[in-house]
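Read the structure below first, then the notes.
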Amino acid sequence: MKILMVCLGNICRSPLAEGIMKQKAAENGLEWTVDSAGTGAWHAGELPDRRSIATARKKGVDISDQRARQFQIADFERFDKIFVMDTQNMSDVLRLATSEAQRGKVELMLDQIHPGLRRSVPDPYYDDNGFEEVFDMLDQACSAFVSRYL
């Protein structure tokens with residue numbers, strides 16, 4: 001399984017989701033490829049936000065080796081599942097899809113724990129206190145997804 005996590009700038013939510021999913025897959029013997037990207041290119045090449053790194057580290061997940069990159073149309077072919085963090089990310093990614101097969105790969109991350117409710121992972125960039133809550137949401141969603149393969 002090849003999974004891509006997508007948020008706006010690829011420095012807060014999607015790096016956390018990538019790190020959590022990688023760790024859960026490894027802990028359960030699943031040989032998955034997990035990556036992340038942003039719909040925008042503002043932070044391309046940068047490390048995740050220092051608050052994301054600190055929150056992940058506090059929870060036992062290391063994301064300090066990640067670098068931001070922008071979502072590319074080729075990602076539809078490279079990945080089996082594309083999890084987006086919010087409805088705007090979903091619209092931005094779906095706008096680039098050229099087939100129903102590509103559109104079918106895209107899903108809101110929180111649909112794993114709140115099916116059909118179209119809930120978004122809040123962007124913690126402007127809220128120093130939001131990173132832990134976001135980590136916990138992503139942790140639950142990743143656990144729910146992994147459990148389907150055990």
Q: Give me the compactness ratio for the chain, meaning the Cα radius of gyration over 2.2 N^0.38 Å.
A: 0.94
Q: Beta carbons within 10 angstrom, averaged per residue: use that to sort the peptides 54-61, 26-33, 11-18, highest first.
A: 11-18, 54-61, 26-33
**Q.** Burial ranking of peptide ranges 77-88, 93-104 (average Cβ count within 10 Å, highest at the top)
**A.** 77-88, 93-104
Q: Please give the per residue volume of the convex hull enclosing the alpha carbon atoms of segment 27-91, rounded to a whole number of Å³.
A: 124
**Q.** Segment residue 50-residue 128, length gained on full extension (0.36 nm per residue, minus Cα span)
**A.** 27.0 nm
Q: Skip the ligands, DNA and RNA, and give the accessible area per residue of the chain with a 1.4 Å probe, whole Å².
A: 49
Q | Within the accessible area of segment 26-149 (1.4 Å probe), percent carbon and sulfur | A | 47
Q: Would you be so kind as to identify which of 56, 33, 68 lies farthest towards the positive end of the dipole of segment 20-95, taking Lys and Arg as +1 and Asp and Glu as -1 on Cβ and the Cα centre as origin?
A: 56
(Q) Explain nothing, just compute: Karplus ³J(HN,Hα) = 6.51 cos²θ - 1.76 cosθ + 1.60, θ = phi - 60°, for every residue of segment 111-128 in order, whole Hz, x for Gly and Pro. (A) 5, 5, 10, 9, x, x, 8, 6, 7, 9, 7, x, 7, x, 3, 9, 9, 3
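The values are calculated or read from the model by the stated rules, or taken from the named source; none is laboratory data. All values derive from a computational prediction rather than experimental measurement. No Cβ is skipped: glycine too gets one built from the backbone with ideal geometry, and neighbour counts run over all protein chains shown. We work out accessible area using only protein heavy atoms, side chains counted, and drop any ligands, DNA or RNA first. Shrake-Rupley method; radii C 1.70, N 1.55, O 1.52, S 1.80 Å.
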